[in-house]
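Data first, discussion second: the structure below is written as structure tokens.
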Amino acid sequence: MKTVKTKIVCLFLATILQHVRVTFSLDSADNRGNETDHSALLAMKRQLADHPGGILSSWNHSLHHCNWAGVICGHKHRRVIGLELYSSGLSGTISPFIGNLSFLQRINLDDNSLSGPIPQEIGRLFRLKVLLLRNNTLVGGIPANLSRCVNLQSLALGGSKLGGNVPIGLQSLSKLTQLDFFECNLTGPLFNIIQNLTSLQLIYADYNAFIGTIPDSIANMKNLTIVGLGENLLTGRIPPSIFNLSSLQGLELTINQFEGSIPRDMHLNLPKKQVLNLNGNFLTGPFPIHFLNLTNLISFGLSSNKFTGRVSLNFRKFQHLIDLDLSGMNLRGDIKFISTLANCSNMRSLELQGNKFTGSLPKTIANLSTTLNSFNVEENQIGGDIPAGISNLINLNLLFMSDNEFTGTIPNKLGNFQKLERFALISNKLTGIIPNSLGNLSRMSELYLQDNKLHGSIP
């Protein structure tokens, strides 16, 4: 009987001992992991600097590192899963020891003054979902082994000085939804790397030197909402399929080398497009009048292309329009269409210079939004008097009307422009005197009135 009891007691004790060993083993593993995280953070601190009393002042031995400012730990194992150090006044470099924070899911170092390269060791962080390094002075290119961060969803490096090509291995980041390469000095091809990343929603790649074309396969990237590729070296035709992406809200392709025409019979998914800027390319053919069906646009620009023909423009349904740029295209038509912009209650910029618009400025120009701060109709064939009602646009700081055929006198009411800084009426047929009211324009830095038929004294 004693033997049986002894066996039961021994079995019970063995079970407890095994549990203790397992618990001790797990605790030891957690402790080792916490020690690794702690050491890695301290190594990072040694390569960083901030102002006295800044965010790194809490990174000391008096607090557990999970309580340090900007450090986020998981609840279960207390491992570091996030670094939120954006806009923290940090300088210095990013330590390679960041690669030892093996549970990291999110790194946000936006808007600091970090320099040096992006450590290759970040490629070891296979759990990483978000990498935000915007607006620093990082150099040395995009690490090729970022392709190992297979869970990455957001990669934002905009505003850095990286340079080089986009590593081809990034085509394996199938979960990527946001890609920000804005002004990174990057070169080489882009779309042969990203064209199969069908989860992408946002592409910000303006102000680089990317080459190549936009392939027709962009139609497969059905989740795209924003495409920003302005000021690159892209060539070829703009694929019509890009205009059919139903989720697309913004398309920015300014200052590239796109050519060809835009088909009139293409289908446009109207509801969501809010930004359409194709300025500064080599697009030809008839003016794409069908774009005037995109009544949800807030920014619309086609300037400095080679569209042809007489146009009849109507913007009565464009209630959300803020910026309109149709300059530099030698478009023909009556300038009276300006009156159709009266419903654009938040209008900020109206650029119509460098065309062949004729007629007179309508008196209804007085009904344009008072939020307008830039109005440019230079180098057209507009005649008649300058409507006195233009003085209602009290927030103008730029008014350019040179190289037209305006007649009559300079309205005295133009002295109401208390915010006007730049004013040009060169090469018209204006007569009379320079009104004394122009002396009230206290913010004026540039005033051009030459090549008219003005007389009298300068006020």
List the residues, sorted by chain then number, that are 5 or more residues from Phe406 or on another chain and whose placed amide H is less than 5 Å from its amide H.
Lys429
For segment 43-100 and segment 112-169, what is the separation of their C-alpha centers, rounded to whole Å?
18 Å
When only C-alpha pairs under 8 Å and at least 6 residues apart count, what is the relative contact order of segment 41-181, in percent?
17 percent
Over segment 184-273, what is the relative contact order in whole percent, taking alpha-carbon pairs under 8 Å and six or more residues apart?
26 percent
What spacing in nm lies between the two simple spin-label points modelled at Ala219 and His51, each 7 Å away from Cα in the Cβ direction?
5.5 nm
Give the accessible surface of segment 367-443 per residue, rounded to a whole number of Å², with probe radius 1.4 Å and ligands, DNA and RNA excluded.
39 Å²
Rounded to the nearest 500, what is the chain's calculated 222 nm mean residue ellipticity when only DSSP H runs of at least 4 contribute -39500 (n - 2.57) each, over all residues?
-4000 deg cm²/dmol
In whole angstrom, note down how far apart the Cα centers of segment 310-333 and segment 387-410 are.
19 Å
How far is helix 2-46 tilted, in degrees, relative to the longest principal axis of the Cα atoms in the chain, given as a value from 0 to 90 rounded to the nearest 10?
40 degrees
Ignoring ligands and nucleic acids, Cys73 exposes an accessible area, probe 1.4 Å, in Å² to the nearest 10, of 20 Å²
Going through the cross-link list Lys336/Lys356; Lys222/Lys306; Lys306/Lys356; Lys419/Lys453; Lys175/Lys222, which pairs have a Cα-Cα distance over 19 Å in this structure?
Lys222/Lys306; Lys419/Lys453
For Cα pairs less than 8 Å apart in space and 6+ apart in sequence, what is the mean separation divided by the residue count of segment 255-414, i.e. the relative contact order in percent?
15 percent
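The values are calculated or read from the model by the stated rules, or taken from the named source; none is laboratory data. Every value quoted in this text rests on a predicted model; they were computed, and no experiment measured them. Virtual Cβ from ideal backbone geometry, glycine too; neighbours counted across all protein chains shown. Please note that ligands, DNA and RNA were not included when accessible areas were found on the heavy atoms of the full protein model with its side chains. Shrake-Rupley method; radii C 1.70, N 1.55, O 1.52, S 1.80 Å.
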